[in-house]
Amino acid sequence: MIHGPSLAIGAAIASIVIIVAFLGFDGISNEVELVIQPTPTIQSTPTNQESGPPTPTITSDTFFANGSPILGNPDAPVTLVEFGDYQCHFCNVFFHSTEDKILKNYVETGKVKMIFKDYNIIGPDSINASHGAHCANDQGLFWEYHDILYSNWTGENNGWASSENLVKFAQEIGLDMDEWSECFTNRSYSQTILASNEDAKNLGITGTPAFFVIGPEKHVTRISGAQPFEVFANIFEIELKK
């Protein structure tokens, strides 16, 4: 069974929305313009009911906080941020068809670093899986847990990411089970996961996966859905030339 929002966003034709950091370009898209501001920043509010909701204030924390540890060279000039749901069909498609090519060609060569952030849109097992990954991070094994989750994906809301299976995955990658279980049971990363979901909403994300490529000059490009490797590579190359 495939969740509606993930199906809609993943099946879309390559939809790349340019978002501007610091300097904007008029007329590029109909989406609310997102601008990276220095942190900390104060969210503005409308002065009256007729003025409508405020434009989201996007800071560097919107992309870099409340997520995974960096995968790759922390000094890599380009950053790829993925907002994903571990139960999402097209997130799994990206993991199996595209991510490995990005790792080999850009992350392992020091050109791009990656960050994964939670956007739990499918069900309770998605949230539990996020807890499992963050608790694995306490022992330096976030990405190993991330990988074993997607390697065991069998669908959406069908039980593969049950608490029982999440325990098995933790055992398979060699985690200290007492430490991991205490973290998982206590929901130690609830606020982190909630904050990441809020970041996704502030960015206007309506489905998963959603990606943001941040270049050396803080220019941000949004990629919606599990697009082919070539889409990512083209954007990386543009940013790497700056």
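The values are calculated or read from the model by the stated rules, or taken from the named source; none is laboratory data. Nothing here was measured: the structure is a model prediction, and the numbers come from that model. Because the Cβ atoms are built from the backbone with ideal geometry, glycine has one as well, and the counts that use them run over all protein chains shown.
Points to keep in mind about this one:
- Test: residue in segment 78-96 that is at pLDDT below 95 and closer than 15 Å to Phe212 by Cα: no
- Among the residues listed as Glu239, Glu179, the single one being farther than 24 Å from Phe94 by Cα and either touching a His at 6+ places or on another chain (Cβ under 7 Å) or charged (D, E, K, R) (or both): Glu179
- Any chance Ile115 is crowded, with 24+ Cβ neighbours inside 10 Å, hydrophobic (A, V, I, L, M, F, W, C) and outside any helix (DSSP H, G or I): no
- Answer from Thr185, Thr221 - the residue that is outside any helix (DSSP H, G or I), under 24 Å from Asn66 (Cβ atoms) and not small (Gly, Ala, Ser): Thr221
- Any hit, segment 154-171, residues being touching a residue at least 12 places away in the same chain (Cβ under 8 Å), under 19 Å from Phe83 (Cα atoms) and part of a helix (DSSP H, G or I): no
- Segment 224-242, subset in contact with a Gly (Cβ under 7 Å, 6 or more places away or on another chain) and assigned to a loop (DSSP other than H, G, I, E, B), residue surrounded by the most Cβ atoms within 10 Å (Cβ to Cβ): Ala226
- Only listed residue being at pLDDT below 95, on the phi > 0 side of the Ramachandran plot and outside any helix (DSSP H, G or I), chosen from Gly174, Gly110, Gly204: Gly204
- For segment 183-204, the criterion of being of a type in the set (A, V, I, L, M) and surrounded by fewer than 19 Cβ atoms within 10 Å (Cβ to Cβ) is met by at least one residue.
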